[in-house]
Amino acid sequence: MNFTNLVIAALAMSLVAGTASAETLKERIAIGVNGGTTGVGVQGQFKLNPKITLRGGFDSLKFDADVDGDGIVYTGELDFSTTGLFADFHPREGSFFLSGGVYLGARELKVSGRPAAGTSVEVGDEFFTAAEIGTLSSKLDFGSTAPFVGLGWDTTFTTKGRFGLRLLAGAAFGSGADATVVRTGGTTLTAATQARLDQELLDEAKEIEDTVDGYNVFPIIQLGLTYKF
């Protein structure tokens, strides 16, 4: 059983055990909003017992930017849209907690650019004209599953009021990134030129993967406001 299935199974068993209890659900359910390195998000919490809280949420981080490089103006789009499933352990039944879980969903960076007419562009180790290139588009996929560990401070179920604060710090662990670089449009190329360009684009994609290979750990910092029922 892999890590993701193990986390989901543990959450499911804990939920069944909790719902089987005769205790009231009063002040054991909460909702909240949060912001941080994962973007903005919403979450739900269920206090299983004084030491364990189950948590699920959705976060969205989107960012667009234009970057000028090698004679091409690139348009970049970052899209991290993830669902998270977590179990928070409060060792002393207080606000401090240790957390473990998994992020599921799209984590992608897309970049496209078209060189100015009449210019030449270096792709890999060779130069091609703007007419030959057309539009270059690249995509970096960081994978759809990222295990998470962290710690934090959550007053949701420890304060007497309805509102609480939650601070979380930790890390999500990716398994590497897959990169693709493709050409669209442009002039019709000879078979030899097309083969050279295709190889250079493959080399570019491999170079991108090698560059980001050591950056598989994504820092997680969140600050949230919660409301318990």
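Any read-out appearing in this document is the output of simple, stated calculations on the displayed coordinates, not a laboratory observation. On a predicted model such as this, the values are computed, not experimentally measured, just so you know. As a convention, Cβ positions derive from the backbone with ideal geometry for all residues, glycine included, and neighbour counts pool all protein chains shown.
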Between Thr190, Thr135, Thr37, find the one with the highest GNM mean-square fluctuation for the chain; connect C-alpha pairs within less than 10 Å. Thr190
Roughly how many nanometres apart are two label points built 7 Å out from the Cα toward the Cβ at Lys62 and Lys26? 4.2 nm
GNM of the chain, Cα pairs under 10 angstrom: of Leu189, Leu78, Leu167, the biggest fluctuation goes to Leu189
Just going by the charge dipole of the chain, with Lys and Arg at +1 and Asp and Glu at -1 on Cβ, which of Phe63, Thr180, Ala205 is farthest out on the positive end? Phe63
Between helix 191-212 and the chain, what is the angle of the helix's C-alpha long axis to the longest principal axis, kept within 0 to 90° and rounded to the nearest 10? 30 degrees
Over the chain, the sum of -39500 (n - 2.57) across DSSP H runs of at least four, divided by residue number and rounded to 500 deg cm²/dmol, gives at 222 nm -6000 deg cm²/dmol
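Could you please rank Glu200, Glu209, placing first whichever residue has the fewest other Cβ atoms within 10 Å of its Cβ?
Glu209, Glu200
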Explain nothing, just the number: relative contact order of region 3-228, from Cα pairs under 8 Å at least 6 residues apart, as a whole percent. 19 percent
Once the Cα atoms of region 3-228 are picked out, what are the Rg and Dmax in Å? 23.4, 76
Springs between alpha-carbon pairs under 10 angstrom, Gaussian network model over the chain: which of Phe127, Phe89, Phe218 fluctuates most? Phe127
